[in-house]
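Novice: Take this structure first; my questions come after.
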Amino acid sequence: VQLQASGGGLVQAGGSLRLSCAASGRTFSVYDMGWFRQAPGKEREFVAAISRGGRSTYYADSVKGRFTISRDNAKNTVYLQMNSLKPEDTAVYYCAADEVATALTIIRDEYDYWGQGTLVTVSS
């Protein structure tokens, strides 16, 4: 599967952005999907994940209550709605697909496919 992330940009603190990740190449609904982010000089970290059917979600504590992950399997797309953005949310955001999923995972290495990343910059 190929993943294409989009929707990043520059936003002021307190603002909102919605990221999208479009998938192609294989049936999208077989994958659990996740969002990760990587700030300059830091490791790539888990942000959110959603099960293949969309019924289960999981969030990092740092974004819980502010970010919402969702998916539209008919459009082969997963979304990340980001509200109340903070400067510490500044990072390159990556979407990822977990093909052999028995449960939602926050472990980066368990995701099989990655998008190219989209930059989110939050100014103070």
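The values are calculated or read from the model by the stated rules, or taken from the named source; none is laboratory data. Keep in mind that what you see is a predicted model, and the values were worked out from it rather than measured. In this analysis, Cβ positions are derived from the backbone assuming ideal geometry, glycine residues included, and neighbour counts consider all displayed protein chains. The protein model used for the area step is the full one, side chains on, heavy atoms only, and it has no ligands, DNA or RNA in it. Shrake-Rupley method; radii C 1.70, N 1.55, O 1.52, S 1.80 Å.
Novice: Which count do you get for residues in segment 114-124 that are of a type in the set (A, V, I, L, M) and buried (at least 18 other Cβ atoms within 10 Å of the Cβ)?
Specialist: Residues flagged as of a type in the set (A, V, I, L, M) and buried (at least 18 other Cβ atoms within 10 Å of the Cβ) within segment 114-124 amount to 2.
Novice: Looking only at strands (runs of 3 or more DSSP E) that lie completely in segment 1-113, which have at least 2 residues being open to solvent by 30 Å² or more (accessible area, probe 1.4 Å)?
Specialist: Result: 2-6, 9-12, 17-24, 57-59, 67-72, 77-82, 91-98.
Novice: Follow-up. Examine segment 80-91 for a residue that is farther than 21 Å from V122 by Cβ, without any contact (Cβ under 8 Å) to a residue 60 or more places away in the chain, in contact with a strand residue (DSSP E or B) (Cβ under 9 Å, 6 or more places away or on another chain) and among the hydroxyl-bearing types (S, T, Y), and state whether such a residue exists.
Specialist: No, segment 80-91 contains no residue that is farther than 21 Å from V122 by Cβ, without any contact (Cβ under 8 Å) to a residue 60 or more places away in the chain, in contact with a strand residue (DSSP E or B) (Cβ under 9 Å, 6 or more places away or on another chain) and among the hydroxyl-bearing types (S, T, Y).
Novice: Filter segment 19-50 for residues that are out of contact with any Ser or Thr (no Cβ under 9 Å at 6 or more places or on another chain), in contact (Cβ under 8 Å) with a residue 24 or more places away in the chain and under 17 Å from N73 (Cα atoms) and give the result.
Specialist: Selection gives S24, G25, R26, S29, V30, Y31, W35.
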